[in-house]
């Protein structure tokens, strides 16, 4: 990533870290992203949660309407990514914050 891209990325994540509430966070992302972009992120998050609960592809596809390719990408990311998403899902599910 070039310097300009790196600075933009940092500015975005620093802004996200400044959000104070769920309502402010949803409003921020509603302003920043298209409906389709938000739906895609939400879908991938739900797929990741279901994979962490060892759900099978067919169940995930039926519940989330995600393609098998999307499920495979998310599964690969959970296995080979940074580990932060999986840790966050475990933390949220352990606190009863998501279902």
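Roughly how tilted is helix 68-80, in degrees to the nearest 10 and between 0 and 90, from the longest Cα axis of the chain?
So the inclination is approximately 70 degrees.
Rounded, prolate or oblate, given the Cα gyration tensor of region 34-99, with a/c below 1.5 counting as rounded? The partial results should precede the final answer.
Numbers: a/c = 1.34, a/b = 1.23, b/c = 1.09.
Verdict is rounded for region 34-99.
Take 56, 74 and order them by how many other Cβ atoms sit within 10 Å, fewest up front.
56, 74
Would you compute, from DSSP H runs of 4+ residues alone, the mean residue ellipticity of the chain at 222 nm, taking -39500 (n - 2.57) per run and dividing by the full residue count, rounded to the nearest 500?
Details: 6 runs with 76 residues, N = 99.
For the chain, the value works out to -24000 deg cm²/dmol.
By count of other Cβ within 10 Å, fewest leading, how are 57, 13 ordered?
13, 57
Given a Förster distance of 35 Å, report the FRET efficiency between residue 57 and residue 6 from their Cβ-Cβ distance, rounded to the nearest 0.05.
Using R0 = 35 Å, I get an efficiency of 0.45.
Give me the one-decimal nm value for the distance between modelled label points at residue 14 and residue 73, 7 Å along each residue's Cα-to-Cβ direction.
Roughly 3.0 nm, to one decimal.
Please give the helix 22-32 orientation as an angle from the longest Cα principal axis of the chain, in degrees from 0 to 90, rounded to the nearest 10.
The answer is roughly 80 degrees.
So what's the angle, to the nearest 10 degrees on a 0 to 90 scale, between helix 84-94 and the longest Cα principal axis of the chain?
70
Here, each number is a calculation from the coordinates, and none is a lab measurement. The model shown is predicted, which means the values in this text are computed figures rather than measured ones. Cβ sites come from the backbone with ideal geometry, for glycine too, and all protein chains shown count toward neighbours.
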